[in-house]
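J.: There's a structure below that I have some questions on.
Just so you know, all these numbers are worked out from the coordinates, no wet-lab data involved. Predicted model only: the values in this text are computed from it and were never measured.
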Amino acid sequence: MSGQILGGADVMDAARYQQVIVFMISASVALGVVFSVVAVSFLVIDGMPQLRSERIINKAMRSTGGKGMGQRTPATTQSCSSIVRLKAWKNIDSR
């Protein structure tokens, strides 16, 4: 906006262009989020509809070559602990 004003354009036109740019950025972010949510929901929800977390865990294990989650950082430590909790729930369900 400041470049247009310094170039001699009308202030209202510059503000209008700035609003259009902000709305376009917001719309592209919203479309990206919607696309990501739909893609992930097709990946982890089966036909029943139930959440299939083993689809996520198996893919994570395959991407690391079956060697676990790699180095222990706070993010991967949380992921590993959630895997342990999931296995514990599966053992409870199988009884």
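J.: May I ask you to compute the full-extension gain from ILE25 to VAL11, defined as 0.36 nm times their residue separation minus their alpha-carbon distance, rounded to one decimal in nm?
T.: 2.9 nm
J.: Between SER41 and ARG55, what length comes free when the chain is fully extended (0.36 nm per residue of separation minus the Cα-Cα distance, one decimal in nm)? Numbers along the way, then the final one.
T.: Numbers: separation 14, 0.36 × 14 = 5.04 nm, distance 1.15 nm.
The span from SER41 to ARG55 would gain 3.9 nm if fully extended.
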